[in-house]
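The values are calculated or read from the model by the stated rules, or taken from the named source; none is laboratory data. This structure is a prediction, so every number in the text was calculated from the model and none was measured. Here the Cβ is made from the backbone with ideal geometry for all residues, glycine too, and neighbour counts use every protein chain on show.
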Number of protein chains: 2
Amino acid sequence: MSVADPGIIIEENLPRDGLQNEQVLFSVRERAALIEALVGCGLRRIQIGSFVNPARVPQMAGTEEVFGLLKQREHVIYSALVLNRKGMERAAGCGIGHVSIFVSVSETHSRRNAGCSVDEAMSGALTLIGLAKGMGVTVQAGVMNAFGCHFEGAVAPGRVLEMIGRFAGEGADEINLADTSGLANPAQVESLIPAVRSMTELPLALHLHDTFGFGIANAHAAWRVGVRRFDASCGGLGGCPFIPGASGNLPTEDLAWFFESMGISTGVDLGCAVELVMELERKLGRRLPGRLAHTGYRQFCGGLGSE
Amino acid sequence: MSVADPGIIIEENLPRDGLQNEQVLFSVRERAALIEALVGCGLRRIQIGSFVNPARVPQMAGTEEVFGLLKQREHVIYSALVLNRKGMERAAGCGIGHVSIFVSVSETHSRRNAGCSVDEAMSGALTLIGLAKGMGVTVQAGVMNAFGCHFEGAVAPGRVLEMIGRFAGEGADEINLADTSGLANPAQVESLIPAVRSMTELPLALHLHDTFGFGIANAHAAWRVGVRRFDASCGGLGGCPFIPGASGNLPTEDLAWFFESMGISTGVDLGCAVELVMELERKLGRRLPGRLAHTGYRQFCGGLGSE
């Protein structure tokens, strides 16, 4: 890899997207320990939780306390998902410096996921971006179902671009395109991303789901057109509960091994990530979709490197 | 897709690679019915079985009889795997017009899989190619572990190219690069394939395994550098039994949907392939790795097409 290329930055989604729908509850202390373990695996950006109603999402209760237990490190960014003003105030109140805000481009998905229309969600998100800016909080603004919707099918790229334009205009610091339904293909990725790039110079992150097993191919296509930031979740835990069959996030360890095998640095300690996934599988009592933990990673990753 | 591009040709490996290690035995009649069903799904090339010792591989006994039960069609190519002179004579004797011959580039894998050294296997393969040519049989000659070996790690591309040169020199009609251990990555694919192309103009097929979930990304990389022929197996059934953890073939239905979703024709009827996989799962009593059968394919494939 050239010196000019900083490699891939993976934003670990396990503590939020991964845990939010699990039956097994993780205590505040366990969540903090998990995040510390992720830092130990070399992850430099971690979505530590969300500031949502604990009555609706008990798994995400007490995200302030989780944050309070974390060791602050100069090179590690902790972020959290925020849905509304109350959440934003909680986030800012506990001192977290980065938040993510997502709006679905699909009317049906917006109503099922957020309980309101796209216009209403968009209006709320723009207010939140303004609020965050006022509080000195860095905001990532994302479009859900940017590559197609389980309920509505194809999504017009123009609608995605329009939303991004409004996010950027309001002062968002980073854009995220989420393939919430897992419907993206490389041709779409290579078409939409340059279109986004021609609109804004904001950093662009991709949140890919692996519904059809195209996630890695999409990540590679995005990398070809310059994307260096990817969301992923150890073991592939997580995914949108409002979209049936939308199997989970890209497994962090597989995505990292994919890039590392081509000599592209991710900073992830693969052995450490595999141990974490195996521990997580023991706790959850089931096998997760990630491959690396089940393929004798030591001889593969140790023996072959970037050859 | 342009008129000049015939789209993708998938060689269905289910009746051979898929069934050869299954505990559930398929009768000759069932194997023939399965192949007819695959033809009904639009598959134009099918590896119907192997001509090997039935005492060693009972699942592949009576491949002559399977072939005899098949309806011959001008647009469908039936092929079979051949390991030795006896197999070649059986193949030619029953009138099958296409055979595949594989040699592993890895010494350790060759000894475990074929029971002899690479040199010995290579010498045998060259003899078989000559034999096939004399009998008017079309030969695909392939290199196993062309992208790395589970046992030996990295494989020098020069060794692969040298084998291909010898295959071509002996009169092979088609080359196959097999990622037997599932260790390929797109960077390797995009480097090795042009090197092969610069050596020979023979058609080139790729046999990818999905050990780390990189199979689709590798197929896409190969497509970028001009490969249009891919081996796959419905449901993802199969894989090399001598390589632990080398999970199966690329699922035909997922690979077809991947290309079709980008408007690249494969000729595969996705709905038909999904029904076949579901039937196969019932018969085998387990879920197969292929995704499309488990993701509500109708709304996805029906509603979104190549959008």
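Specify the residue that is nearest to A:Arg44 (Cα to Cα); the eligible residues are those in the stretch A:197-231 that are of a type in the set (Gly, Ala, Ser) and within 12 Å of chain B (Cβ to nearest Cβ). Per the criteria, the residue is A:Ala219.
Number of residues in the stretch B:143-152 that are more than 9 Å from chain A (Cβ to nearest Cβ) and either part of a loop (DSSP other than H, G, I, E, B) or of a type in the set (Ser, Thr, Tyr) (or both): the value is 3.
In the set (1) over 20 Å from A:Gly215 (Cα atoms); (2) outside any strand (DSSP E or B); (3) modelled with pLDDT of 95 or more, the condition left unmet by B:Ala205 is number (2).
Summed over the stretch B:159-195, residues that are assigned to a helix (DSSP H, G or I) and not hydroxyl-bearing (Ser, Thr, Tyr) total 21. Take the residues in the stretch A:220-242 that are in a helix (DSSP H, G or I) and without any contact (Cβ under 8 Å) to a residue 40 or more places away in the chain, then tell me which one is nearest to A:Ser100 (Cα to Cα). Top of the filtered list is A:Ala222. Among the criteria (1) within 14 Å of another protein chain (Cβ to nearest Cβ); (2) surrounded by 20 or more Cβ atoms within 10 Å (Cβ to Cβ), the one B:Val103 does not fulfil is (1). The combined condition, being on the phi < 0 side of the Ramachandran plot, surrounded by 23 or more Cβ atoms within 10 Å (Cβ to Cβ), among the hydrophobic types (A, V, I, L, M, F, W, C) and not in a helix (DSSP H, G or I), is fulfilled by B:Leu43. When A:Val155, A:Val137 are checked against the criterion of being touching a residue at least 12 places away in the same chain (Cβ under 8 Å) and within 12 Å of chain B (Cβ to nearest Cβ), A:Val155 stands alone in meeting it. Looking only at the stretch A:46-84, residues that are surrounded by fewer than 17 Cβ atoms within 10 Å (Cβ to Cβ) and either in a helix (DSSP H, G or I) or among the hydroxyl-bearing types (Ser, Thr, Tyr) (or both) come to 4 in all.
Of all residues in the stretch A:186-196, those satisfying the criterion of being more than 14 Å from chain B (Cβ to nearest Cβ) and surrounded by 15 or more Cβ atoms within 10 Å (Cβ to Cβ) are A:Ile193, A:Val196. Read through the list (1) free of Cβ contacts under 8 Å to residues at least 60 places away in the same chain; (2) more than 9 Å from every other protein chain (Cβ to nearest Cβ); (3) out of contact with any helix residue (DSSP H, G or I) (no Cβ under 6 Å at 6 or more places or on another chain), then give the number of the only condition that A:Lys283 fails. The failed condition is (1). Within the stretch A:22-51, take every residue that is in contact with a helix residue (DSSP H, G or I) (Cβ under 7 Å, 6 or more places away or on another chain) and at pLDDT below 95 and give me the one that is nearest to A:Gly285 (Cα to Cα). So the residue we want is A:Val24.
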